[in-house]
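Take a look at the structure set out below.
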Amino acid sequence: MAAGWDGYRVLVSSGPEHLIAQLTRIKESSGLSVRALARQAGLSSSSLSRYLTGQLVPPWEAVVALCRVVARDPRPLRALWAEASKAGAAPSPRRNDLPADLADFTGRETESALVEELLRTAGAVAIDGMAGVGKTSLAVHVAHRLAPSFPDGGLYLDLHGFTPGQEPLEPSAALGRLLGALGVAHPPADTVERAALWRSELSRRRALVVLDNAVDAEHVRPLLPGAGKSAVLVTSRNRLVSLGGVPPVSLEALSPAEAASLFGRAAGVDLTEEEAVAQVLRQCGGLPLALRMAGARLRHRPGWTVAVLAERLRDNASRFDSVFGMSLQQLDAVQRRMFRLLGVLPGADFDAPVAGALADMTPDRVNAVLEELVDAHLVQEPSPGRYRLHDLIRRYAADIAADEEPQADAAVHRVLSHYLEQATAYDRTLPLLHRKETVPGDPAKAMAWFDTEYANLIACFDTAVRLGADDVVAELPQAMRVWFFRHRGTDDQVRLLEAAAAAAERLRRNQQRASLLVDLGFARAAAGRLAEALAAYELAEQSDLNDDELASALALRTGFVRRDLGDFEAAQAQFRLARRLFEKTGHRSGQSQALAFDGWVTLHLGRHSEAAELARASLALADGPAQITGLVTLGVALASDNPAESLQALHEALQLAEVQHNKAWCHNYLGVALRIMGSLDEALEHHRHAFELLEPLAEAQLEIDFLPTYAETCRAAGRFDEALALHERTIELARKLGRPHDEKLAREAYQVTVGSVPARDHGTDSRFRS
């Protein structure tokens, strides 16, 4: 057994093993797969998988439901369940994305207590109120106070419902980021499926989710957790009255006493000038943001009295907000220029190098300027080295920039160039199949940078489109290629590549356009849009390619689509073309891959001996994980004639598999080989392992590959109901992904299975009627 799989089994033995053993017996006696058993018990298959592996202790109701499926009395299991509940499951890593709590958070005792109580009792609350009233501050403050009650950590996501110059984050994209924060790298493309997976993932955790700046109820509804012990805290300027099950808490301006306390703490002075203080509080309108800024203004002018501040605020009431204007006056010319330029900066947050590029400023100078802006409460620093502007202040800065900054577009172009340079530099440190060499660097650091800056990169791309910066539009998606490859299913990739290909065409860069079209086809294929993928590849092929490396990648990827469409002969022709082109460029790894997939489609064409020879030729040209496809092909090809060598190849592939996708693939085809050898029970176990590994990945492309093979093994083992359910799932998935070949094969296999059922088992089940 593979080292990676052994590690998975260690996790099983470390949990409440007595209850696990009983649940495993229930599963075995049911004769059902995890998915089928979960469906009959009314559970999610991902949760059931975790119950069976000790990663999660089931609620008692789930134990009862499982016993009901096999007509077993659950009462003898009650003591085991209680013992397991006390012991708990394997711990999951704690994550905390929450911004820092405000050191001078003041007042709001009544609202804080109400929010905390609602989170404990209802598991959800929506804080609403006008801009600047302190919704986010309260949400973050409460989240930090309740952190010990949520051992799986806190997630924070800004939905940008009211961020100037930025579109609100769509629910599908928001779900993708939230799932990514939980370690789900490849969520399904469908929003409904993403929401279901999100609820399933949260159901096995006790986490607190803060969803900041929602537009309305519909914006946030798909993001709400379902059953379980996780909780959600939403903020919005609008009252979300139609969000069922999420009670609202409305924030008003601070009371005079609270406002005075906050102003005094921010100013660092005793407030003895009662009349002057009252004037300042009236000017600030009880808004915490304005109070902090006014206090900071007074703190930085030790010669002023509160009366002087009040007078200055009265004199500066002509622009948007007098407090903002007063804070701006304490800055020098360089600091004021930085502030107004920040109003046109693409993205939600930034670091010092980005600000330096924006203002064309040296690192030492930019750090000093940002410190002054933070001290004046014009810029926030939610985490060390990361900065952002409150939405109100950003709009204020943008208004000033529109009036006073004629070079704003040039500053934005500098930022776009900075992000493109950074992305390109980090990308070159990441390994890629067709890349001749990578530059020295830390790949983990590069991926972390892309993770941190992803939302800003998308904002920069959209800004480049708006400004007509075709160089950036054409090049940025290519600099994000490896990140996108590791995060398939990201909503933005297809639209970025479509716009980039159009920009390259305008620039008359035919080779770059062809390369972008190849990437576009791959992105569409990863999303299950095979016909559209093929259309992109055909456009690339028409671009008069004179780059053999690009042509070889195009041939290989076209072969993948032809294979998935069921046109194996056309796929084989593409793989053989790719091999010749890889040979021409001396690319051994590429040759190995082309040979391996040539062998795979040859195997599906029924030519097992030829497939085995192609697989062996592939293995001679590669080593490590690059051998997996060749080893699996060899193992399945030899299953009927040489079982010993077949199993050796398949177990070697499993030992090389490092990521869940590859492990699942190896287990599934171990199941196929064992079925061919007649070891049906063992075959079924490997299929089940494959789906257990696949479940949290939500990878539809692999699922539609695995389902027919698992169904055939079930049919061979006489598990006809299970086989029929798997065929039904294949038909449903093939329709959704637009794969008529797979749907046709599944329907044919369904009829074969129906015909295999002994007549006495048909009963009155409508599925067996012709």
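The values are calculated or read from the model by the stated rules, or taken from the named source; none is laboratory data. On a predicted model such as this, the values are computed, not experimentally measured, just so you know. So basically every Cβ, Gly included, is an ideal-geometry build from the backbone, and we count neighbours across all protein chains shown.
Odds and ends about this structure:
- Filter result for GLU218 (among the acidic types (Asp, Glu) and closer than 17 Å to LEU56 by Cα): no
- Any hit, region 98-112, residues being touching a strand residue (DSSP E or B) at 6+ places or on another chain (Cβ under 7 Å), modelled with pLDDT under 75, not in a loop (DSSP other than H, G, I, E, B) and not hydrophobic (A, V, I, L, M, F, W, C): no
- Boolean, ALA294 is part of a loop (DSSP other than H, G, I, E, B) and crowded, with 17+ Cβ neighbours inside 10 Å: no
- Set VAL366, VAL379, VAL334: member being over 17 Å from ARG301 (Cβ atoms), among the β-branched types (Val, Ile, Thr) and crowded, with 23+ Cβ neighbours inside 10 Å: VAL379
- For region 690-730, taking the residues that are charged (D, E, K, R) and assigned to a loop (DSSP other than H, G, I, E, B), the one that is surrounded by the most Cβ atoms within 10 Å (Cβ to Cβ) is identified as GLU699.
- The set of residues in region 190-232 that are more than 27 Å from ALA527 (Cβ to Cβ) and surrounded by fewer than 18 Cβ atoms within 10 Å (Cβ to Cβ) comprises ARG206, ASP216, ALA227, LYS229.
- Filtered by the rule that a residue be of a type in the set (A, V, I, L, M, F, W, C), within 13 Å of VAL215 (Cα to Cα) and surrounded by fewer than 21 Cβ atoms within 10 Å (Cβ to Cβ), region 161-178 gives a lone residue, PHE162.
- Enumerated helices (runs of 4 or more DSSP H) restricted to region 387-472, each holding at least 3 residues that are at pLDDT below 90: 391-404, 443-467
- Whether a residue is touching an Asp or Glu at 6+ places or on another chain (Cβ under 7 Å), closer than 24 Å to ALA612 by Cβ and in a helix (DSSP H, G or I) was assessed, and GLN572 passes this test.
- Which numbered condition ALA459 misses (of (1) among the aliphatic types (A, V, I, L, M); (2) buried (at least 16 other Cβ atoms within 10 Å of the Cβ); (3) touching a Lys or Arg at 6+ places or on another chain (Cβ under 7 Å)): (3)
- Across region 333-355, the number of residues qualifying as without any contact (Cβ under 8 Å) to a residue 12 or more places away in the chain and either more than 20 Å from HIS390 (Cα to Cα) or of a type in the set (Phe, Trp, Tyr) (or both) comes to 1.
- Residue match in region 191-212 (condition: more than 30 Å from ALA700 (Cα to Cα) and either within 34 Å of the chain's Cα centre (by Cα) or not assigned by TED's automatic domain parsing to the domain that holds ASP128 (or both)): yes
- Residue check for LEU233: in contact with a strand residue (DSSP E or B) (Cβ under 6 Å, 6 or more places away or on another chain), of a type outside the set (Gly, Ala, Ser) and not assigned by TED's automatic domain parsing to the domain that holds ASP451: yes
- Filtered residue count, region 42-58, keeping only those that are over 16 Å from GLU692 (Cβ atoms) and either more than 28 Å from the chain's Cα centre (by Cα) or at pLDDT below 75 (or both): 0
- Boolean, ALA536 is under 22 Å from GLN593 (Cβ atoms) and either in the same structural domain as GLY468 (by TED's automatic domain parsing) or of a type in the set (S, T, N, Q) (or both): yes
- Residues of region 549-574 that are more than 32 Å from the chain's Cα centre (by Cα) and either among the hydrophobic types (A, V, I, L, M, F, W, C) or in the same structural domain as VAL518 (by TED's automatic domain parsing) (or both): PHE568, ALA570, ALA573.
- Members of region 466-501 found to be touching a helix residue (DSSP H, G or I) at 6+ places or on another chain (Cβ under 8 Å) and small (Gly, Ala, Ser), listed by number: ALA469, ALA474, ALA479, GLY489, ALA499, ALA500, ALA501
- Taken together, the residues in region 235-276 that are free of Cβ contacts under 8 Å to residues at least 12 places away in the same chain and crowded, with 18+ Cβ neighbours inside 10 Å amount to 0.
Yes/no matrix, rows are residues, columns are (1) over 28 Å from the mean Cα position of the chain (by Cα); (2) closer than 30 Å to ASP399 by Cβ:
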site: ALA113; (1), (2): yes, no
site: GLU116; (1), (2): yes, no
site: GLY129; (1), (2): yes, yes
site: PRO148; (1), (2): no, no
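- Among (1) in contact with a Pro (Cβ under 6 Å, 6 or more places away or on another chain); (2) modelled with pLDDT of 85 or more - the single one ARG237 does not satisfy: (1)
- Scan of region 297-328 for residues that are modelled with pLDDT under 80, in a helix (DSSP H, G or I) and among the small types (Gly, Ala, Ser), ordered by number: SER322, GLY325, SER327
- Residues (under 21 Å from ALA469 (Cα atoms) and loosely packed, with under 14 Cβ neighbours inside 10 Å) located in region 382-432: ALA402, PRO406, GLN407, ASP409, ALA410, GLU421
- Inspection of region 402-425 identifies at least one residue that is over 30 Å from ALA626 (Cβ atoms) and touching a strand residue (DSSP E or B) at 6+ places or on another chain (Cβ under 9 Å).
- Subset tally (residues that are assigned to a helix (DSSP H, G or I), at pLDDT below 90 and out of contact with any strand residue (DSSP E or B) (no Cβ under 9 Å at 6 or more places or on another chain)) for region 113-136: 1
Conditions tested, residue by residue: (1) closer than 30 Å to ARG414 by Cα; (2) more than 31 Å from the chain's Cα centre (by Cα); (3) free of Cβ contacts under 8 Å to residues at least 40 places away in the same chain.
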{"residue": "LEU497", "(1), (2), (3)": "yes, no, yes"}
{"residue": "ALA503", "(1), (2), (3)": "yes, no, yes"}
{"residue": "GLY521", "(1), (2), (3)": "no, no, no"}
{"residue": "SER543", "(1), (2), (3)": "no, yes, yes"}
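- Selection of region 348-386 for residues being modelled with pLDDT under 85, more than 32 Å from the chain's Cα centre (by Cα) and on the phi < 0 side of the Ramachandran plot yields ASP375, ALA376.
- Residue match in region 181-188 (condition: more than 22 Å from VAL140 (Cα to Cα) and either surrounded by fewer than 18 Cβ atoms within 10 Å (Cβ to Cβ) or modelled with pLDDT of 85 or more (or both)): yes
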